[in-house]
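The values are calculated or read from the model by the stated rules, or taken from the named source; none is laboratory data. Computed from a predicted model, the values in this text were never measured in an experiment. Reconstructed Cβ throughout: ideal geometry from the backbone, glycine too, with neighbour counts over all protein chains shown.
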């Protein structure tokens with residue numbers, strides 16, 4: 001039987017949780033996760049927070065794992081149920097502009113035109129945002145926004161302003177907390193994209209060096225790391241396909257679906273992410289501070305208890 005404080009907390013959060021589910025157009029069965037995952041997870045984060053010290057929470061999850069949804073609800077619960085001021089942003093918000101990636105494609109390797117892998121983000125901007133959000137003297141902090149349908153960064157006038165300082169920052173992304181591989185591991189291609197379009201390993205070596213350098217500096221700021229572990233790369237493709245369908249539905253209202261990917265384009269797109277995703281699935285669970293395992297039905301196999 002749940003303790004009375006937990007029941008009181010659940011009663012207070014449930015209406016807000018259900019309202020956000022409606023806003024996000026999420027299925028009703030997600031409410032089960034409120035008791036099994038979301039509320040206990042918020043309590044776990046609360047226990048990691050020490051008085052007077054800010055907390056940078058990293059959340060790693062493959063494409064389509066639901067990390068963005070989890071982070072939205074976690075931010076809401078921590079803000080409403082605990083005395084915390086919380087901000088959140090994604091590594092996707094830090095993507096370089098389309099023009100900047102075109103330059104990388106010309107100067108280093110054509111595959112760097114495609115957003116996603118380390119080397120296609122503005123790492124310095126990420127470090128500046130984290131520092132500003134925790135700075136006691138900070139004012140409004142601008143969080144950049146990326147338009148995935150147009151594959152370009154939104155203008156600063158459309159960035160979100162967050163009033164600092166905050167107590168907790170939730171930083172999520174598919175490669176957040178990822179580590180580099182050895183040179184020997186880079187030799188063998190992991191898919192057709194690497195075999196056909198990166199036969200000399202120039203692209204994957206560049207990406208790996210980013211993880212050794214600038215990204216290692218960024219990820220070293222993380223105080224606690226949560227991993228959402230997906231069952232397989234096949235699930236990544238299926239779940240990412242659903243995301244693309246939702247994106248297509250949103251852009252249908254504007255009539256601009258020029259960058260919506262069909263199945264073959266999506267398969268090729270995910271190949272850019274495959275090497276790091278497989279490496280992370282193999283090694284991160286043993287070092288993450290908390291690993292939440294998802295089953296093939298996109299349900300949390302790992303259940304937390306308050």
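Exactly one residue out of 118, 110, 140, 155 is out of contact with any strand residue (DSSP E or B) (no Cβ under 7 Å at 6 or more places or on another chain) and more than 22 Å from residue 273 (Cα to Cα), and it is 155.
Of all residues in region 143-192, count the ones that are part of a loop (DSSP other than H, G, I, E, B), farther than 22 Å from residue 42 by Cβ, in contact (Cβ under 8 Å) with a residue 24 or more places away in the chain and under 20 Å from the mean Cα position of the chain (by Cα).
In the first step, residues of region 143-192 are kept if they are part of a loop (DSSP other than H, G, I, E, B); the result is 144-145, 148-151, 154-155, 159, 164-167, 174-182, 188-191.
Now narrow it down to the ones that are farther than 22 Å from residue 42 by Cβ: 144-145, 148-151, 154-155, 159, 174-175, 178-182, 188-191.
If we keep only those that are in contact (Cβ under 8 Å) with a residue 24 or more places away in the chain too, we end up with 144-145, 148-151, 174-175, 178-181, 190-191.
From the residues that got through so far, the ones that are under 20 Å from the mean Cα position of the chain (by Cα) too are 144-145, 148-151, 174-175, 178-180.
Residues in region 143-192 being part of a loop (DSSP other than H, G, I, E, B), farther than 22 Å from residue 42 by Cβ, in contact (Cβ under 8 Å) with a residue 24 or more places away in the chain and under 20 Å from the mean Cα position of the chain (by Cα): 11 in total.
The sole residue among 37, 59, 51 that is at pLDDT below 90 and touching a strand residue (DSSP E or B) at 6+ places or on another chain (Cβ under 7 Å) is 37. Screening residue 115 on (1) in contact (Cβ under 8 Å) with a residue 60 or more places away in the chain; (2) buried (at least 18 other Cβ atoms within 10 Å of the Cβ); (3) assigned to a loop (DSSP other than H, G, I, E, B) shows it passes everything except condition (1). Within the bounds of region 144-161, is there any residue that is under 27 Å from residue 288 (Cα atoms) and either exposed (fewer than 14 other Cβ atoms within 10 Å of the Cβ) or out of contact with any helix residue (DSSP H, G or I) (no Cβ under 6 Å at 6 or more places or on another chain) (or both)? Looking through region 144-161, none of the residues is under 27 Å from residue 288 (Cα atoms) and either exposed (fewer than 14 other Cβ atoms within 10 Å of the Cβ) or out of contact with any helix residue (DSSP H, G or I) (no Cβ under 6 Å at 6 or more places or on another chain) (or both).
Yes/no matrix, rows are residues, columns are (1) more than 27 Å from residue 140 (Cα to Cα); (2) more than 17 Å from the chain's Cα centre (by Cα); (3) in a loop (DSSP other than H, G, I, E, B):
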{"position": "5", "(1), (2), (3)": "yes, yes, no"}
{"position": "15", "(1), (2), (3)": "yes, yes, no"}
{"position": "35", "(1), (2), (3)": "yes, yes, no"}
{"position": "53", "(1), (2), (3)": "no, yes, yes"}
{"position": "63", "(1), (2), (3)": "yes, no, yes"}
{"position": "84", "(1), (2), (3)": "no, yes, yes"}
{"position": "93", "(1), (2), (3)": "no, no, no"}
{"position": "102", "(1), (2), (3)": "yes, yes, no"}
{"position": "106", "(1), (2), (3)": "yes, yes, no"}
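Yes or no: residue 42 at pLDDT 90 or above and in a helix (DSSP H, G or I)? Yes.
Looking at this structure, is residue 95 surrounded by 15 or more Cβ atoms within 10 Å (Cβ to Cβ) and closer than 30 Å to residue 196 by Cα? Spell out how you get there, then give the answer.
Values: surrounded by 15 or more Cβ atoms within 10 Å (Cβ to Cβ): yes; closer than 30 Å to residue 196 by Cα: yes.
When the stated conditions are applied, residue 95 passes them.
Summed over region 261-301, residues that are within 15 Å of residue 177 (Cα to Cα) and part of a loop (DSSP other than H, G, I, E, B) total 3. If you go through region 125-142 and pick out every residue that is part of a strand (DSSP E or B), touching a helix residue (DSSP H, G or I) at 6+ places or on another chain (Cβ under 9 Å) and surrounded by fewer than 18 Cβ atoms within 10 Å (Cβ to Cβ), you end up with 1.
Okay, residues lined up against (1) in contact with a helix residue (DSSP H, G or I) (Cβ under 6 Å, 6 or more places away or on another chain); (2) surrounded by fewer than 15 Cβ atoms within 10 Å (Cβ to Cβ):
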| site | (1), (2) |
| --- | --- |
| 15 | no, yes |
| 27 | no, yes |
| 63 | yes, no |
| 69 | no, no |
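Residue under question is residue 85, and the condition is that it be touching a helix residue (DSSP H, G or I) at 6+ places or on another chain (Cβ under 9 Å) and under 30 Å from residue 216 (Cα atoms); does it hold? So residue 85 fits the description; yes.
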